[in-house]
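The values are calculated or read from the model by the stated rules, or taken from the named source; none is laboratory data. Please read these numbers as outputs of a predicted model, since none were measured by experiment. Methodologically, a virtual Cβ is constructed for each residue, glycine included, from the backbone with ideal geometry; neighbour enumeration extends over all protein chains shown. The protein model used for the area step is the full one, side chains on, heavy atoms only, and it has no ligands, DNA or RNA in it. Shrake-Rupley method; radii C 1.70, N 1.55, O 1.52, S 1.80 Å.
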Amino acid sequence: MARMRELLAEQRAQWQKVLLQALRESKLILTKTNTKGYKLNLYPYLCLLEDKEYVDIMIQSIASLPLSGESLKNLAQNLGNRIYTKYCVRQKHQNRTVEKLASIYDAYTDLLAKDTKVYNVLPREQWCKLEMEQRSGPTLQGGEASWPYIVTLELGTFMVDMMVKNLKINSDILNPACDRKLIPILYHMYAFRSTRQVGFIKPHPILTQMQQEAMETMLTFDSSVMPMLCPPVPWTSVKFGAYLLTPAKLMRTLEGAMQHDQLLEKCQNLHPVFDSLNQLGNCAWRINKPILDIIISIFNDRGSDELDIPPPLSEAPKIPHFNPQDPTYTASEKAHMKREVINAKKKCSEMHSLRMDTLYKLSIAHHMRDELFWFPHNMDFRGRTYPCPPYFNHLGSDVTRAMLVFAEGKPLGSKGLDWLKIHLVNLTGLKKRSSLQERLEYANSIMEDILDSADDPLNGKKWWMEADEPWQALGCCMEIANAVRSPDPTKFISHFPVHQDGSCNGLQHYAALGRDVIGATSVNLMPCEVPQDVYSGVAQQVS
């Protein structure tokens, strides 16, 4: 492992020199190129940052390439966007926007602080008021012009091309018995996605092996994919909100989709939308450390398919080796062996990507374990809201949700403990047809198992492991145990989030719009003893 880390560090230093040289040469050629007509000249876009910054972005993208490769378009788009983001941040520093932003933000956070006087204004209104008061100096809103899709794509493609052409490695680096020749570390190939031919950039197996054996302990993320360590900037316009420096979109659109953006610009009075997103973004979170530590211990031990913790590649099926030229195999045996090899490789690739996904989530959670943090939100074209940081947020899987609790606790009150118990039963998925009272009675009847799960999750009766959502169930068991054992459960300060879901929410809207009593009853908008299930109602009518 140490040898591989050393080798990789040497190679990266070498690649950095090679790319710097190649970038400078390319820029020289571009200055002398006469680009009349329609062709885009990238030269101005290659002078916005220091040469080294472009090279760092390229080197970093190699480290995060998946085993199975990345589509050329996605990789190029990603590289182009990262240069754009870096350029925007640099602009804000150069034109003194940062200083103005800091002074408005300091005054704004006073509104959110719990120990200051109560304000009767919305965060958005307060921000706008502060901006009006500090009108002199650079404008905060709409300062950066967004680049056309084709520019970010061309710029990214130019950089991918440079990497594919210039980054090489000695073929005998891992096996001195091989003939020494320089081979590219990335190669361009085509794959079929349904009927379309898609260009892919794939890492050479030698590079993949080196990265896997080095098991490097450092992951590098852009700050915009991490939760924020301070409350987000409130959305005050379509172009301004969320992160302090990184540009963010109010509405997620497909790259290059123009009409959505134009329609959004024309929208009248989006204030209720901004206020809803700001309300979500201003909720502070922290890590549930006991749950995180148990998850990490299982992740490091070998994972567990039952608990949705992916095992490491050492647990993957071995890829069978056979010689297709061997005359002792019949044609059908060869076909069977080939299928076995393909299936084993596919399984390895799937296991690797699942493992990496979980590694990202756990690394971010571990990095944030002692912090308070916030998730800025945006929405899709339907108005459905999402947290901007993609890897780790409260809309994730059971494992991710279980690691998150509210930073601000509230006393349980007279009914709070009962609701925690009902929530726990909901997480088990055992009593879907029962009334709330029956669920509560069931929870009270299994208190011994609940407390055992909280006290000894890995060596006790392990009741929590049988739940539909085991990790959230374990978190809930621990919260119930702490509340029950506190001197007065009604005064126990709980930080535990209870996720709730509308039943068939689209139909709920239709029923409400049409004042449809039958429809409303079937999707739980009318008082009922037991929960209604619209699907079984429809199935009955069909049969």
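Observations on the structure shown:
- Cα gyration tensor shape for the stretch 217-285, rounded if a/c is under 1.5, else prolate or oblate: oblate
- A value for Kirkwood radius over Cα pairs in Å was derived from the coordinates, and within the list (1) 27.8; (2) 37.1; (3) 23.7 it appears as (1).
- Anisotropy class of the stretch 358-415 from Cα gyration tensor, a/c 1.5 cut: oblate
- Accessible surface of the stretch 1-106 [probe 1.4 Å, protein heavy atoms]: carbon and sulfur percent: 53 percent
- In the chain, a dipole from Cβ-located charges (positive for Lys and Arg, negative for Asp and Glu) runs towards its positive end, and of 323, 528, 183 it is 183 whose Cα lies farthest in that direction.
- Mean residue ellipticity at 222 nm, helices only, the chain: -16000 deg cm²/dmol; runs of at least 4 DSSP H residues each add -39,500 (n - 2.57), and the sum is divided by the number of residues.
- Surface accessible to a 1.4 Å probe, per residue, for the residues of the chain, Å²: 58 Å²
- Contact order normalised by residue count of the stretch 157-229, Cα under 8 Å, 6+ apart, percent: 19 percent
- Förster radius 45 Å - calculated FRET efficiency between residue 484 and residue 433, Cβ distance, rounded to 0.05: 0.95
- Extent of the stretch 254-322 along its three principal axes (Cα atoms, max minus min coordinate, largest first): 62, 43, 15 Å.
- Highest mean packing comes first when the peptides 159-165, 373-379, 204-210, 7-13 are listed by Cβ atoms within 10 Å, giving 373-379, 159-165, 204-210, 7-13.
- Förster radius 35 Å - calculated FRET efficiency between residue 260 and residue 315 (Cβ-Cβ, nearest 0.05): 0.20
- Counting charges near residue 106 (Lys, Arg +1; Asp, Glu -1) among other residues having Cβ under 14 Å from its Cβ returns a value of -3.
- Given +1 at the Cβ of Lys and Arg, -1 at the Cβ of Asp and Glu and no other charges, the dipole of the stretch 178-293 around its Cα centre is 260 debye to the nearest 20.
- Prolate/oblate/rounded label for the stretch 53-175 (Cα gyration tensor, a/c 1.5): prolate
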